[in-house]
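No value in this document is a laboratory result; all are computed from the given coordinates. Computed from a predicted model, the values in this text were never measured in an experiment. Every residue, glycine as well, gets a Cβ built from its backbone with ideal geometry; the counts of neighbours run over all protein chains shown.
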Amino acid sequence: MALQDIRRTFLSWPVVRQLTGSDPTGRGAAVVSDHTRAVTARTETADRVVQSICPYCAVGCGQRVYVKDEKVVQIEGDHDSPISRGRLCPKGSASEQLVNNPGRQIKILYRRPYGTEWESLDLDTAMQMITERVLDTRARTWQATDDQGRDVNRTLGIAGLGGATLDNEENYLIKKIFTAMGAIQIENQARI
Ligand code: SF4
């Protein structure tokens, strides 16, 4: 190695930069490498930022979704959120991996009774099938009165079990629609 290279290497050591430069405590320029200096945060290069809510749990932390070329490139905590004030837990911080994961299912999959393979369904077909099953189950299991003749107007054939990814508003709507259908078995995973 030439003398000049040795000198350049020696001078580039963080401790040398710290002792000889303008950053004696080693908390700034002295400890920044050329590689780090050349890196730009995805939040800096995004085309736009969209405010959203973390999809993972009912806390509903605020998120800022950074978009570049119509693709989500980063998701961070939203400082404007009165709920989370810029913070996200490890799950919420990893939301970008949920959006862009190559294993993410974006089609409706259906396995018919006794079927051994999954089939893809379009949304209209799936909604129609769900509607028919709900109406049929409700009609078959409807109870106007109990065994003592008291009015109950309910069905025990339909139950709702929510997951922790549902937020307060979704749980509110699910409770309303299931109660309106006559279901009384309505639970959430968070209480189990
Ligand atoms: S999963 Fe974490 S970041 Fe997301 S809403 Fe819940 S607490 Fe907040």
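The residue list 52, 12 contains one member that is within 16 Å of the ligand (Cβ to nearest atom) and of a type in the set (S, T, N, Q), which is 52. Can you find, within region 59-69, the residue that is surrounded by the most Cβ atoms within 10 Å (Cβ to Cβ) among those that are in a loop (DSSP other than H, G, I, E, B) and near the ligand (Cβ under 10 Å from one of its atoms)? Going through the qualifying residues, I end up with 61.
Please determine whether any residue of region 164-175 is exposed (fewer than 11 other Cβ atoms within 10 Å of the Cβ), within 26 Å of residue 52 (Cα to Cα) and within 16 Å of the ligand (Cβ to nearest atom). So far as region 164-175 goes, yes, one or more of its residues are exposed (fewer than 11 other Cβ atoms within 10 Å of the Cβ), within 26 Å of residue 52 (Cα to Cα) and within 16 Å of the ligand (Cβ to nearest atom). Each residue in region 116-129 was checked for being within 26 Å of residue 178 (Cβ to Cβ) and either under 25 Å from the mean Cα position of the chain (by Cα) or loosely packed, with under 10 Cβ neighbours inside 10 Å (or both), and 6 pass. Return a yes/no flag: does region 149-157 have any residue that is without any contact (Cβ under 8 Å) to a residue 12 or more places away in the chain, touching a strand residue (DSSP E or B) at 6+ places or on another chain (Cβ under 9 Å) and either among the charged types (D, E, K, R) or closer than 26 Å to residue 56 by Cβ (or both). Looking through region 149-157, at least one residue is without any contact (Cβ under 8 Å) to a residue 12 or more places away in the chain, touching a strand residue (DSSP E or B) at 6+ places or on another chain (Cβ under 9 Å) and either among the charged types (D, E, K, R) or closer than 26 Å to residue 56 by Cβ (or both).
For residue 72, are the conditions met, namely being out of contact with any Ser or Thr (no Cβ under 8 Å at 6 or more places or on another chain), under 26 Å from residue 164 (Cβ atoms) and either among the hydrophobic types (A, V, I, L, M, F, W, C) or surrounded by 17 or more Cβ atoms within 10 Å (Cβ to Cβ) (or both)? In short, yes.
The one condition from (1) part of a loop (DSSP other than H, G, I, E, B); (2) over 16 Å from the mean Cα position of the chain (by Cα); (3) away from the ligand (no atom under 16 Å from the Cβ) that residue 82 does not meet is (3). Among the residues of region 101-111, those that are out of contact with any Ser or Thr (no Cβ under 6 Å at 6 or more places or on another chain) and in a loop (DSSP other than H, G, I, E, B) comprise 101, 102, 103, 104, 105, 106, 111.
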